[in-house]
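A.B. asks: Attaching a single structure in structure tokens format; questions to follow.
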Amino acid sequence: MDLGTSPGERRGIAPGRLTVVGDHTDYCGGRSLAVALDLATHAVYRPMSTATLEVRSAHLRAPLRIDLPVGSLRSPPGSARSLLTGLLRSLPERGREVAGVLELRGDLPVGAGLSSSAAMLVATALALGIDEPILELARRCSRAESSEGEVGGLLDQLAILTGRADMATLLDFSADTWRHVALPAGAELWLLDSGERRVLAESRYEERRAQCAAAEAELGPLGRAASSDVAALRDPVLRSRARHVVSEDARVDEAARLLSLGDLAGVGRLMDESHRSLAEDFEVSSEGIDALRARLRAVPGVLGARLVGGGFGGCLVALSDGVFHETSLGGLRRVRPSDSARVG
């Protein structure tokens with residue numbers, strides 16, 4: 001449904017996020033190498049003299065009406081109502097001044113590990129006229145995703161807000177800083193949706209965060225830990241979780257260095273290692289995803305492939321050097337690094 005153009009209408013566009021290397025490191029003060037995607041969520045806001053914000057989207061069975069100002073009633077975590085009320089709750093007068101209609105659309109798939117929730121919140125914030133520095137906006141949107149209203153890991157939000165076309169962003173979460181790394185000519189990123197959706201994954205994601213926090217209680221921030229520190233952990237589960245974070249940070253640093261040298265084969269090997277770590281040490285993959293990745297990795301021209309995002313379903317990303325051959329794998333599509341979120 002298209003609202004058309006009307007007085008006072010505002011638009012926000014937020015791309016999805018694809019991690020080249022570096023998942024489950026942000027909330028440990030680690031590092032990540034990510035790109036903003038050419039798949040995006042578009043938010044169109046039209047103010048009206050009502051006492052509600054009506055949200056329309058093809059992903060909703062019916063329009064969602066949020067009474068304003070928003071109260072303290074909680075919705076199921078991760079639901080559109082929960083995310084949007086979390087954002088509105090952070091506004092003056094608990095969102096009273098944003099009454100009207102909000103339309104959400106775009107080509108970013110939901111539940112595929114490409115940060116659709118963060119993209120929706122960033123696009124909505126921009127459409128509602130929230131104008132603030134990148135870090136402040138990233139933290140606002142992160143709090144909206146938390147049932148406790150706390151700032152969590154900022155990978156999704158910062159990757160979305162700092163992306164540049166034809167570049168990857170090296171994010172350092174120990175200081176919430178970033179720099180851009182050019183992708184070599186010929187570098188191609190391919191996305192394959194596994195079809196496995198992250199249903200009921202929230203509890204397992206929180207379990208992994210809790211395990212990392214338990215490891216940090218013994219070692220200090222994992223983003224500054226060394227492999228020798230990890231070996232000292234007595235609990236085998238905590239040792240595996242910490243080993244992933246520490247080794248993933250090292251892979252991020254090396255991948256950024258190899259990209260600057262134009263060594264795509266080396267980056268591909270690091271992506272392969274990253275997937276093994278996510279599957280074995282962090283245990284966020286599945287038999288189906290591992291089997292699909294093996295098929296993708298066997299395609300001539302693929303230099304490396306890995307699970308994307310938090311895991312428990314979603315997409316796989318593959319890297320090629322432009323020599324990519326026909327494959328029987330359905331749904332494979334090339335994606336391109338895009339510019340950051342913006343007012344439309």
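A.B. asks: Pull out all pairs, ordered by first then second residue, where Cβ-Cβ is under 8 Å, the residues are six or more apart or on different chains, the first lies in region 34-63 and is assigned by TED's automatic domain parsing to the domain that holds Arg306 and among the acidic types (Asp, Glu), and the second is buried (at least 18 other Cβ atoms within 10 Å of the Cβ) and not in a loop (DSSP other than H, G, I, E, B).
C.D. replies: As it stands, the answer is none, since no pair meets every condition given.
A.B. asks: State which residue pairs qualify: first residue over 16 Å from Ser260 (Cα atoms) and inside region 163-176, second residue buried (at least 24 other Cβ atoms within 10 Å of the Cβ) and aliphatic (A, V, I, L, M) in any location, beta carbons under 6 Å apart, and separation of 6 or more residues or different chains.
C.D. replies: Gly163/Ala36
A.B. asks: Within region 122-132, does at least one residue satisfy the condition of being polar (S, T, N, Q), in a helix (DSSP H, G or I), under 21 Å from Glu9 (Cα atoms) and out of contact with any Cys (no Cβ under 7 Å at 6 or more places or on another chain)?
C.D. replies: Scanning region 122-132, I find at least one residue that is polar (S, T, N, Q), in a helix (DSSP H, G or I), under 21 Å from Glu9 (Cα atoms) and out of contact with any Cys (no Cβ under 7 Å at 6 or more places or on another chain), so the answer is yes.
A.B. asks: Only helices (runs of 4 or more DSSP H) wholly contained in region 200-294 count here; list those with 2 or more residues that are touching a residue at least 24 places away in the same chain (Cβ under 8 Å) and over 29 Å from Gly322 (Cβ atoms).
C.D. replies: Here the list reads 202-219, 236-261.
A.B. asks: Does region 145-160 include one or more residues that are at pLDDT 95 or above, crowded, with 20+ Cβ neighbours inside 10 Å, over 18 Å from the mean Cα position of the chain (by Cα) and not in a helix (DSSP H, G or I)?
C.D. replies: no
A.B. asks: If you don't mind, another one. When the residues of region 298-310 are filtered to those that are surrounded by fewer than 24 Cβ atoms within 10 Å (Cβ to Cβ) and part of a loop (DSSP other than H, G, I, E, B), which remaining residue is farthest from the chain's Cα centre (by Cα)?
C.D. replies: Ranking the qualifying residues of region 298-310, first place goes to Pro300.
A.B. asks: Among the candidates Gly310, Gly262, which residue alone is assigned by TED's automatic domain parsing to the domain that holds His244 and modelled with pLDDT under 95?
C.D. replies: Gly310
A.B. asks: Now for a separate question. Given (1) part of a loop (DSSP other than H, G, I, E, B); (2) under 22 Å from Leu258 (Cβ atoms); (3) not polar (S, T, N, Q), identify the lone condition not met by His180.
C.D. replies: The failed condition is (1).
A.B. asks: Hey, another quick one. Only one of (1) farther than 19 Å from Arg336 by Cβ; (2) in contact (Cβ under 8 Å) with a residue 24 or more places away in the chain; (3) in a helix (DSSP H, G or I); (4) in the same structural domain as Ala14 (by TED's automatic domain parsing) is not met by Glu136, so which one is it?
C.D. replies: Tallying (1) farther than 19 Å from Arg336 by Cβ; (2) in contact (Cβ under 8 Å) with a residue 24 or more places away in the chain; (3) in a helix (DSSP H, G or I); (4) in the same structural domain as Ala14 (by TED's automatic domain parsing), Glu136 fails exactly one: (2).
A.B. asks: Considering only strands (runs of 3 or more DSSP E) fully contained in region 8-85, which possess at least 1 residues that are farther than 28 Å from Arg336 by Cβ and of a type in the set (A, V, I, L, M, F, W, C)?
C.D. replies: Where strands (runs of 3 or more DSSP E) fall fully within region 8-85 and carry at least 1 residues being farther than 28 Å from Arg336 by Cβ and of a type in the set (A, V, I, L, M, F, W, C), they are 52-57, 64-67.
A.B. asks: Ok, one more. Would region 259-268 turn up any residue that is among the small types (Gly, Ala, Ser), under 23 Å from the mean Cα position of the chain (by Cα) and within 14 Å of His24 (Cβ to Cβ)?
C.D. replies: no
The rows are residues; the columns are (1) surrounded by 16 or more Cβ atoms within 10 Å (Cβ to Cβ); (2) out of contact with any Pro (no Cβ under 9 Å at 6 or more places or on another chain).
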residue	(1), (2)
Gly12	yes, yes
Gly22	yes, yes
Tyr27	yes, yes
Leu37	yes, no
Pro47	yes, no
Ala58	no, yes
Leu64	yes, yes
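A.B. asks: Which condition number does Leu192 fail, the rest of (1) buried (at least 16 other Cβ atoms within 10 Å of the Cβ); (2) in a helix (DSSP H, G or I); (3) outside the structural domain of Ser57 (by TED's automatic domain parsing); (4) within 17 Å of the chain's Cα centre (by Cα) being met?
C.D. replies: That leaves (2) as the condition not met.
A.B. asks: Residues of region 86-108 being assigned to a helix (DSSP H, G or I) and surrounded by fewer than 20 Cβ atoms within 10 Å (Cβ to Cβ), which ones?
C.D. replies: Arg89, Pro92, Glu93, Arg94, Arg96, Glu97
A.B. asks: From the list Ala318, Ala294, Ala279, which one is at pLDDT 95 or above and over 19 Å from Ala255 (Cβ atoms)?
C.D. replies: Being at pLDDT 95 or above and over 19 Å from Ala255 (Cβ atoms) holds for just one of Ala318, Ala294, Ala279, which is Ala294.
The values are calculated or read from the model by the stated rules, or taken from the named source; none is laboratory data. Model, not experiment: these values are computed from the prediction. Neighbour counts are summed over all protein chains in view; Cβ atoms, including those assigned to glycine, are modelled from backbone coordinates with ideal geometry.
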